[in-house]
1. Antiparallel DSSP bridges in region 46-173: what percent, to the nearest 5?
2. Below 8 Å between Cα atoms, with a sequence gap of 6+, how large is the relative contact order for region 56-174 in percent?
3. Just to be sure I understand the model, the point goes 7 Å from the Cα along the line to the Cβ. What's the resulting residue 110 to residue 142 distance in nm?
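Nothing in this text is a laboratory measurement; each read-out follows from the coordinates by a stated rule. Nothing here was measured: the structure is a model prediction, and the numbers come from that model. Every residue, glycine among them, receives a Cβ derived from its backbone with ideal geometry; neighbour counts consider all protein chains shown.
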């Protein structure tokens with residue numbers, strides 16, 4: 001899971017109404033990811049709630065960057081209960097063209113656990129990425145329902161799904 005080191009700039013608060021709780025803020029999490037320091041190649045995440053498909057698509061395109069021209073991958077962005085980005089992103093690279101229900105179930109099980117612990121009522125945004133993608137092709141029509149079914153099974157709210165390719169991208173579920 002990639003962690004965004006720009007967490008101080010997010011304006012994210014556990015209680016949007018102004019209350020604070022010690023020990024449950026993202027600022028309490030150590031942000032050093034590896035021996036090279038924080039994973040700082042991620043762009044800054046927006047402070048506002050993702051309110052429309054353009055917000056979502058813009059965010060995913062910035063996060064995926066040039067990897068949209070690479071091999072098939074699944075990208076997951078976690079949101080709080082108010083649809084604001086949490087400072088973590090999960091990219092899964094080199095996934096098969098045909099969905100694996102077992103992989104989908106395992107990923108959603110893990111994401112459900114993270115959301116239950118860190119952002120109850122939160123959601124996930126899914127990016128279906130491949131070089132020739134960006135619309136509903138075989139990859140997208142295989143993975144989207146498998147991920148949706150696994151999310152439903154594990155109680156994960158899917159806020160949206162987007163298909164992202166090297167030369168085009170669109171939100172396929174909102």
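1. 70
2. Working: 241 pairs, mean separation 37.2, N = 119.
The value is 31 percent.
3. Inter-label distance under the simple model: 2.0 nm.
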